[in-house]
Amino acid sequence: MSQKDVIIACDFSSAEATLAFLDKFTDCKPFVKIGMELYYAAGPAIVKEIKARGHKIFLDLKLHDIPNTVKKAMSVLSKMDVDMCNLHAAGTVDMMKAALEGLTREDGTRPLLIAVTQLTSTSEERMQKDLLINASINDTIVHYAKNAQVAGLDGVVCSPLEAGMVKEACGQGFVTVTPGVRFADGEVGDQVRVTTPARAKEIGTDYIVVGRPITQAEDPVAAYKRCVAEFVG
Ligand code: C5P
């Protein structure tokens, strides 16, 4: 079901900026991630436009609501013909099952459905104190990943350093999608736990999500191709 690939995080604030960026890719069609900022600014039209240009799309909207609402929302996203979408595992197994139902089209096909376990911005201390979760962050991540698997989801978003333990707990076929990727000679920025595309390949993650190392590069196409060469080989 999964195929190793580099997903470019198109964290732009308008359709114009996004399309101008994608125009640079004349001889390849990268898998792109559309997040909340771009989706809320440009709406379903930007998804349609990028899809019509031949790109695969990860719609990163991280749904979290009562099961019925998430089911209906997922059914709308499914009609938009995206290739991957996601939700928060914290919404419970019932919510994830409902999401999967909503996402599945009449012919049985559906986009990949990936769960967010604990956001990488949440520290163990904040998780324990703010969320009152009395466990280690690693145990929580593995538990949420197992819940996602029980619900029938395809995998989880996690940091590159968590991908190994998720695969160990849920099996090699359970998909991991990992942001926090930086070139060995590049800027780290605000990401804390980072890894290189080559190391992500060794760890065995399925998809890497790369934003600024490509979008802010002097030559974004060359940076993308370098990522693909290091990660996919
Ligand atoms: O620019 P950069 O490579 O840091 O972009 C990473 C992308 O992955 C961003 O869109 C960010 O929101 C997303 N992401 C992340 N960490 C998570 C979940 C999503 O960096 N835990």
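The values are calculated or read from the model by the stated rules, or taken from the named source; none is laboratory data. The structure displayed is predicted, hence computed values, not measured ones. For neighbour counting, all protein chains shown are included, and Cβ atoms are generated from backbone atoms with ideal geometry for every residue, glycine included. SASA here: full protein model, heavy atoms, side chains in, ligands and nucleic acids out. Shrake-Rupley method; radii C 1.70, N 1.55, O 1.52, S 1.80 Å.
Would you please name the residue that is farthest from the chain's Cα centre (by Cα), looking only at residues in region 50-70 that are more than 11 Å from P111 (Cβ to Cβ), among the charged types (D, E, K, R) and open to solvent by 60 Å² or more (accessible area, probe 1.4 Å)?
Within region 50-70, the match that is farthest from the chain's Cα centre (by Cα) is R53.
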Exercise. Output yes when any residue across region 39-49 is surrounded by 17 or more Cβ atoms within 10 Å (Cβ to Cβ), closer than 22 Å to F174 by Cβ and not β-branched (V, I, T), and no when none is.
Key: no
Self-check item: Matching residues, region 165-183, being open to solvent by 30 Å² or more (accessible area, probe 1.4 Å), more than 16 Å from the ligand (Cβ to nearest atom), touching a residue at least 24 places away in the same chain (Cβ under 8 Å) and farther than 20 Å from L103 by Cβ
Solution: A169, Q172
Quiz item: Checking Q216 against (1) modelled with pLDDT of 95 or more; (2) more than 9 Å from the ligand (Cβ to nearest atom), which test does it fail?
Solution: (2)
Quiz item: So which residues in region 1-38 are open to solvent by 30 Å² or more (accessible area, probe 1.4 Å), more than 18 Å from the chain's Cα centre (by Cα) and of a type in the set (A, V, I, L, M)?
Solution: A17, L19, A20
Quiz item: Taking into account only those residues within region 202-213 that are farther than 21 Å from L113 by Cβ and within 16 Å of the chain's Cα centre (by Cα), which is farthest from the ligand (Cβ to nearest atom)?
Solution: V210
Quiz item: Hey, G173 hits all of (1) modelled with pLDDT of 95 or more; (2) of a type outside the set (K, R); (3) outside any loop (DSSP other than H, G, I, E, B) but one; which does it fall short on?
Solution: (3)
Self-check item: Number of the exception - R199 against (1) within 12 Å of the ligand (Cβ to nearest atom); (2) of a type outside the set (S, T, N, Q); (3) more than 16 Å from the chain's Cα centre (by Cα); (4) more than 26 Å from D27 (Cβ to Cβ)
Solution: (1)
Quiz item: Restricting the search to region 184-196, which residues are within 15 Å of the ligand (Cβ to nearest atom) and open to solvent by 50 Å² or more (accessible area, probe 1.4 Å)?
Solution: A184, E187, V188, G189, D190, Q191, V192, R193
